[in-house]
Each structure stands twice: as C-alpha cells, then as structure tokens.
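One structure below.
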Amino acid sequence: MVFKSVIYFVVIGVFSGWISAERNAADKYPIPFELNKHWGAKDKNGVVVIPPIYKNVLLFNGGVSAARVEKKIGYIDRHGKIAIPFKYDRGLNFNSGLVGVCVEGKCGYLDASGNVIIPFLYKEIDYFRKEQGNLAVVKGEHGWGVINNKGRDIIEPVLRSKPSISEGFIIAFKGRRDGTIYDLKGNAITPLNYDQIAYNVWAGRYLNDNLFTVAIDGRWGFIDKTGKVIIPVRYDKRGFFFKGYAELVRDGKVYRVDKRGAEELIGDWQRPIP
C-alpha cells in the first residue's frame, strides 16, 4: 500500500528555503544569523536585536518564533521577549493563527499569547495548512484523524495509519481493507471501501487526469472525484491516466485504455527479470 509521506514534526533547526531568512526580511521581521552554533536575529541594518543564544533558526511568523534553549521549546516575539514560556518538549512555528506544542507526550495548540485553543489530546500533531482547507493531521490515543483549526474532528482519530490531505481530498484507511476518500468537510465520496488508493510518486498526487486509481481484491480500476466508477476494477497492475489515456495490464496483455474503458492492445506484458 502506498501512502504519501507527511512530515508531522519539524525538528527545529535549519528549514527549507520558503521559510528562510529572506522570508523574515520580506515580512519585516528580524533576520536570523548564526554564531558559534547558536542563533539570534538582526534588523535590516544589521544591528543585533536578539542575541545568538538559541539552538534553532529564528523564523518569525504572526509575530512570534519558536525558540529552543537546551531541551525546551518556547516562543519569543520580534524584540526577543518571551511570548510563551520555555516549557515544551516539541513545537511547531506559528501557522494559521496557532502554534502546536507537546509536553510530556501530550500535544495541543496555543495562540500567540500561550492560551490553549485546542486541548492537549494528541500524541502527534501537524500544521494547519491553507492549501488543505486549514486542516491538520493528528494522532490520538486510538489512531490518526483530521481536525480543523477550531479543534473539531473532521475525521475521528481512529484510523490505523496516517491519512493524506491532497488536492482537496482526504485519503484515509480505517483498517487494512477499507480505504475511503473524503472531501475536506469529512464527507465520504466513495460508495465502496478500497484495499488500496494509489499515489502517483512521479506526479506527486493521488488524483491523475481527474481520476483516482483504486483496488479491490488485488484488481485495479478508476473512480472520479464524486466516487463514480469510471472503469471497473479489472486490471492486474495499477496505472495512472495522463491526457485521457493509461497503459494497463490485464490477463498478461498490455492495453492502451481511454476514459470510456475502450482498450487498444499494445502487446504482451513483459515481467521484469529477477
């Protein structure tokens, strides 16, 4: 079964370019700098406004940045003043009006002043992302789920594996053979439960040419965004549509298949040499 990789916790350190020093400058926040493996921040004129005493890059968003001193996480404002005390074991940077933090194995969300907005009910948490409808994947005592930024369950945290939020849909598995596709409101769009819902690693998505590739009992077929079966589950190997066609294997033969299910024989399936 193929799942899209999701990073659930950022180890506070050197992050990717989109949350770089340039972003701080563009947002008119202090610009991080490193000295002797510690981080501080300077203003646009190069004047140190926050001394280099922290173990992580200072990345301000929403007026605060996560900061680490020894083994504890807290949050400071753009002037270096403590906004949220250094008492957390793990923490995410400010996003969608909230910061996610964990202490003693329990995780929840705070506002920029340290007030608890979403209770400490979870074992793992993630960012709320605008491109995902301001939803976040979380792990509770009984499994994985999805919540909105008000703390309401979109999908109850009872899933056996991490769900994926992609292209306006939630792909989730409650057990080994009950994969379901939901919209961002938590409404199931698939009339059947599937063994597998294939992720196209090369394209970086589940939805290809507006179709999902799904499997039941080892056979593959295709459904559209409403859950309607477009091509029945009759193929031996998974495939993906691109510009109206897919190359699919059935009964040892390779076919070029269009979205109506019409097949054009290409040749015999050549199994890879072991």
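Laboratory data are not the source of any read-out in this text; all were calculated from the coordinates shown. Nothing here was measured: the structure is a model prediction, and the numbers come from that model. Cβ coordinates were reconstructed from backbone atoms using ideal geometry, including for glycine residues, and neighbour counts include every protein chain displayed.
Tabulated results
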read-out: For peptides 187-197, 57-67, 36-46, sequence by mean Cβ density within 10 Å, most packed first; value: 57-67, 187-197, 36-46
read-out: The range 78-118 versus the range 204-267: alpha-carbon centroid distance in Å; value: 45
read-out: Ratio Rg/Rh [Cα only; Rh per Kirkwood] for the range 113-251; value: 1.03
read-out: Signed unit charges on C-beta, dipole axis of the chain, positive-most listed residue 112, 98, 240; value: 112
read-out: Relative contact order [Cα under 8 Å, 6+ residues apart], the chain, whole percent; value: 8
read-out: Relative contact order of the range 198-274, defined on C-alpha pairs under 8 angstrom at six or more residues apart (%); value: 18
read-out: Extreme residue, positive dipole direction of the range 118-274, given options 218, 173, 202 (C-beta unit charges); value: 173
read-out: Cα gyration tensor category, rounded, prolate or oblate, for the range 89-157 with a/c compared to 1.5; value: oblate
